[in-house]
Every structure is written in structure tokens, then in C-alpha cells.
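A.B. asks: Input: one structure, supplied below.
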Amino acid sequence: FDSIYDNKTDYFIVENKSPNSDNIEEFFREKKITGYIQFEKNITNNAADIFLRDYLHRLKEYKYVTFSDCDLLVKDKGTLFDELFKNLEYKDVLISCADLEMKNLPKIKGSENWVPNSIARDGYLEGFTGIHFLTIKSENLNFFKDIHFLDTNLHLRCKRWKKKWVKTLNTKVYHLTWDLYIAGNEYFEFKLESHDSLWNHKTVCDYKVII
């Protein structure tokens, strides 16, 4: 949350309802952010679909737009953004993402396949990533039009557009949520129980505009 004190970046909070929502709302309500909406339920990535439907026009006011899970740590945010933006100056690059630290990758079945292999190019790593910290030029925001906000869907569209999806070569981010992937953790157990439907479902709901 300390990122919001950076005057060089405008922040828009898109929150799914959770037991922590009251505390989250209290924290952000008086902060200098450009927008904040809170959904009545946890509808996972469907919240991103609705946000893009209703607010895409607002995002086009900026040169660059970054989508983040907001559970990441980076040593030098300025260096990270410099590298993300530089990658987008290559004419064939559409999506620029932050590479992940692997030292806390959960030791569970299948996790070795979570981060696809990449190819080192001159200035970046070419290869698909999750959507944990995804940056795009606003002139290309139509990439998200009429598509379900899911990494595999976005990968396929990027391929169809014959563009590159790349990640940072020199800067990595630490994925805090991976530290919760231990037996007995409430969040981890929820992910296990709802794995098959977590990102592919039709649940929607209203949201309230806080800011």
C-alpha cells in the first residue's frame, strides 16, 4: 500500500468484497487516489471485466496503464517502471510484465509449470506471464475489449495479434501471496477448494463507487 504515496502515478483501486473490506476502505478513503470501486461480492477476475467495461475511457487519458494484483514487493519501483516502459518501445511488443522472484515459489504439485519458460532477447525476456503486474500503452487498450480478463485468453489474443508478450530482464518482484501457500492457511485452502471455478464463472454483482 505504500505505493500510493508516489506522486508520479495515479491509482485506481478495484476491490472484491472480503472480510477485510472495511479496513481496506478505511485505509484508502482519505488517500490521494484517482478512483476506488468495491464490489458487493468476491467475483474474482470478473471484477476486472466490469471495470474495463465501465472505465476504459478513463484509462485512455494516460500514456501507460498497469494492472496489478497489489501483492508484490520490489526493491526499486522507479527502475521497474523504467524497464517496463522501455520494453514497450519495441514496435513488436504489446505487453510488458514484471518478472517474478522464484525463491518463494510454492512447493506444491504443478507449481513448476506456473511460470512458463522465456527466451532472453536484447533488453527483455520473451515469454508469457501471469497478469500480476501487466503494463500496456493506452493506445492499445482495445486489446482488452470484449474479452474475459484471464491470462490464457490474453495470451491467445496476443498471439493472434502477432505481438510479443515480454517481461523484465533485470528487475524482479516478490509475490507475497505465495508465502500463504501452506497447508491450513485459510486463503490457500479456499484456492484449493475452488480451483476449477475460481477464474471461470459467470457470477457478477454491483459495485459501489467510493472515490
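A.B. asks: Please arrange V204, V65 by accessible surface area, largest first, computed with a 1.4 Å probe and ligands excluded.
C.D. replies: If we order V204, V65 from most to least accessible, we get V204, V65.
A.B. asks: Now for a separate question. Going by amide H atoms built from the backbone, whose H comes under 5 Å of the H on K41, apart from near neighbours?
C.D. replies: Under 5 Å from the amide H of K41: K17.
A.B. asks: Determine the relative contact order of region 40-142: mean sequence separation of Cα pairs under 8 Å and six or more apart, normalised by residue count, in whole percent.
C.D. replies: 41 percent
A.B. asks: Determine the gain in length on full extension of the stretch N142-D82; use 0.36 nm per residue of separation and subtract their C-alpha separation, reporting nm with one decimal.
C.D. replies: My answer for the length gained is 19.3 nm.
A.B. asks: So what is the relative contact order of the chain, in percent, for Cα pairs below 8 Å that sit 6 or more residues apart?
C.D. replies: Answer for the chain is 31 percent.
A.B. asks: Output the antiparallel fraction of DSSP beta bridges having both residues in the chain, as a percent to the nearest 5.
C.D. replies: Restricted to the chain, the bridges split so that about 60 percent are antiparallel.
A.B. asks: Which residue, D69, D196, D82, has the most motion in a Gaussian network model of the chain that connects Cα atoms within less than 10 Å?
C.D. replies: D196
A.B. asks: Label points 7 Å out from Cα along the Cβ direction at D71 and S197: separation in nm?
C.D. replies: 2.1 nm
A.B. asks: Quick one: check the C-alpha center-to-center distance for region 127-190 versus region 62-126, whole angstrom.
C.D. replies: Taking the Cα centre of each part, region 127-190 and region 62-126 sit 8 Å apart.
A.B. asks: With an 8 Å cut-off on Cα pairs and a minimum separation of 6 or more residues, tell me the relative contact order of region 1-67 in percent.
C.D. replies: 35 percent
A.B. asks: Sticking with this structure for a sec: Please enumerate, by chain and number, the aspartates and glutamates with C-alpha under 16 Å from the C-alpha of K31, excluding those fewer than 8 residues away in the same chain.
C.D. replies: D2, D6, D10, E15, D22
A.B. asks: Okay, moving on. Sequence neighbours fewer than 8 away in the same chain don't count; with that in mind, list the lysines whose C-alpha is under 30 Å from K162.
C.D. replies: K60, K63, K77, K86, K91, K137, K145, K172, K202
A.B. asks: If each of D206 and N117 carries a label point 7 Å out from its Cα toward its Cβ, how far apart are those two points in nm?
C.D. replies: My value for the distance between the label points is 5.1 nm.
A.B. asks: Rounded to a whole number, what % of the accessible area of the chain do carbon and sulfur atoms account for, probe 1.4 Å?
C.D. replies: Roughly 50 percent of what the probe reaches on the chain is carbon or sulfur.
A.B. asks: According to a simple spin-label model (label point 7 Å from Cα along Cα-to-Cβ), what is the distance in nm between S18 and E89?
C.D. replies: Going by the 7 Å Cα→Cβ label model, 3.6 nm.
A.B. asks: While we're here: Where both partners of a DSSP beta bridge lie in region 45-170, what percent of those bridges are antiparallel, to the nearest 5?
C.D. replies: Rounded to the nearest five, the antiparallel share is 75 percent.
A.B. asks: Rolling a 1.4 Å sphere over the protein heavy atoms, what is the accessible area per residue of the chain, to the nearest Å²?
C.D. replies: 60 Å²
A.B. asks: Also: Taking the dipole about the Cα centre of the chain, with the C-beta of Lys and Arg at +1 and of Asp and Glu at -1, give me whichever of S21, A48, N104 is farthest to the positive side.
C.D. replies: Farthest along the dipole direction, towards plus: A48.
The values are calculated or read from the model by the stated rules, or taken from the named source; none is laboratory data. What you see is a predicted model; the values in this text were computed from it and never measured. Cβ: placed from backbone, ideal geometry, glycine included. Neighbour counts: every protein chain shown. The area values use the complete protein model at the heavy-atom level, side chains included, leaving out ligands, DNA and RNA. Shrake-Rupley method; radii C 1.70, N 1.55, O 1.52, S 1.80 Å.
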